[in-house]
Amino acid sequence: MHRTPAWARVGPPRAPAGPRRRLGRLLPAVLALALALGACQPGSDSSTSSNGNDNTPKTLVLPQSSGNVTVLAPEPATVDFARLTVNIPEEAQSIGLTLVGSRTSYKFIDHGQLLLPEAYITGPDGNAPLAFAMIDQDGNGSEEPYAAVLYDVETVSVFFPNDGSNAPLPEGTYSFPIGAFDSTLTLIPDELQPIVYYKVAPTAQETLRLNIFVVSGVSSGITDAASAGNDPEILGAIGVLEHVFETQARLNLAVTVRFIDDSRFLIIDTFDEQDLLLKSYPDPATSDAMNIFVVGQLAHLDLALQGDVVGFAAQITGPFNLHGTIMSGTLAEYQNDEDMEVPNPGTVLGYILAHEFGHFLGLYHTSQTDPATGKIAGHDPIDDTAECPNGTMDLPTCDDRFNLMFPFVNEDPTPPITDMQGTVIRLNPAVSEPAP
Ligand SMILES: [Zn+2]
């Protein structure tokens, strides 16, 4: 297999500096949010429905709940730390939660240890079998559950199972510790909008709906949506996406190529610019497709991560079908830089798009290095993916180096994923049957 001699780094998700440690000053009080939700019937086509009881919050069925995914959106509530409880019926195969709040606080979904020992996400059988990440916090090279909080500014999401298992989830009540803290690690009240998704087995083939937004200026031949859609590099990239998501993950892939005529976004210089891009398109949201943005350069990430970063996923996992947030999408660089000496730019672009979208759909790197030491710090929670040996990453010894979710790009037009990685992708609530 031919590869580019200089492997380009694919950036990790943004991790805010600071709060990834024990929050000693956080108050241990747990507020009862009591957002007990009734279960909706999958496939309901009504825009809103009540639980049949005026005292319980309404559940809102969003457009993308057609097919085999149901969306429960209780009213926003102002809390600093609370438990969100949800009733999930027996046919559920996966559950997702997105928390949306203000830009000025960190939203968190707790799963033990960081806030309170008992603050786990729980299901009917006890602590939920989550696998957020397998990043080894103490750097000893052994795998261990992340067992901490997920958090980010404005928006944070989780779904499970994401370890490649696909056993049905136990029916009953699931409880999520959620809240917000500020940059001093102190719990603060914030208005949080929780959105809960559960997914049942599909009856028809599911569809991954994607918008590829191409920014003006990445190539002289791209001047509008039509020329972007006919661009050889974009077409080559779509071919790689088809191999990953249709041939291997066994989904329908529905791609719409769109054009952004705003040269501010050709070179992303700051996280503020990135945030503006991700939250601004499409405006208005015209479908529940998820978004990929092709820009000229990710200059802000090259600086922040001290390397040539060619792609970026706003979060692992991204918000499900949710537009208008600063986490609503992934970014990639158009590969026409002659200095990169990329022989097949469309293939490389497609590889980057597929890798970043794998993150957005819940896949971690097969092997993750600690940027401070260069040593292997952990692996994904998926059993059938190969791994690098412990210690300093040495590429020839990494049996996972050709997997799509290895942290370096190559130019393989048919990058492999494993069966269990495909299962994670298919269980993501953002992937569903098309609307009837
Ligand atoms: Zn990556």
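The values are calculated or read from the model by the stated rules, or taken from the named source; none is laboratory data. For clarity, every value in this text was computed on a predicted model and none was experimentally measured. Note that we place each Cβ from the backbone using ideal geometry, even for glycine, and neighbour counts take in every protein chain shown.
So, Gly358, is that one in contact with a strand residue (DSSP E or B) (Cβ under 7 Å, 6 or more places away or on another chain) and of a type outside the set (Asp, Glu) or not?
For Gly358, the condition - in contact with a strand residue (DSSP E or B) (Cβ under 7 Å, 6 or more places away or on another chain) and of a type outside the set (Asp, Glu) - is not met.
Within the stretch 394-406, can you find the residues that are part of a loop (DSSP other than H, G, I, E, B), surrounded by fewer than 21 Cβ atoms within 10 Å (Cβ to Cβ) and within 16 Å of the ligand (Cβ to nearest atom)?
Cys398, Asp400, Arg401, Phe402
Restricting to the stretch 407-436, give me the number of residues that are within 16 Å of the ligand (Cβ to nearest atom) and among the aliphatic types (A, V, I, L, M).
The qualifying residues number 4.
Out of all the residues in the stretch 355-378, which are under 18 Å from Thr247 (Cβ atoms) and within 11 Å of the ligand (Cβ to nearest atom)?
The answer is His355, Phe357, Gly358, Leu363.
What do you reckon, is Asn211 touching a Ser or Thr at 6+ places or on another chain (Cβ under 6 Å) and either assigned by TED's automatic domain parsing to the domain that holds Gly318 or at pLDDT below 95 (or both)?
Answer is yes for this residue.
Please verify whether Gly378 is more than 28 Å from Glu154 (Cβ to Cβ), in the same structural domain as Gln297 (by TED's automatic domain parsing) and not in a loop (DSSP other than H, G, I, E, B), treating the condition exactly as stated.
Answer is no for this residue.
Restricting attention to the stretch 221-238, and to residues there that are charged (D, E, K, R) and closer than 15 Å to Gly350 by Cβ, which single residue is surrounded by the fewest Cβ atoms within 10 Å (Cβ to Cβ)?
For the stretch 221-238, the residue satisfying everything is Asp231.
Pull up the stretch 317-329, narrow it to residues that are under 18 Å from Thr270 (Cβ atoms) and within 16 Å of the ligand (Cβ to nearest atom), then point me to the one that is surrounded by the fewest Cβ atoms within 10 Å (Cβ to Cβ).
Met327
Give me the strands (runs of 3 or more DSSP E) completely within the stretch 117-193, filtered to those with at least 3 residues that are modelled with pLDDT under 90 and out of contact with any Leu (no Cβ under 7 Å at 6 or more places or on another chain), ordered by residue number.
149-153
Output the residue which, of all residues in the stretch 259-316 that are closer than 26 Å to Ile109 by Cα and among the charged types (D, E, K, R), is nearest to the ligand (Cβ to nearest atom).
Residue satisfying both the conditions and the ranking: Asp275.
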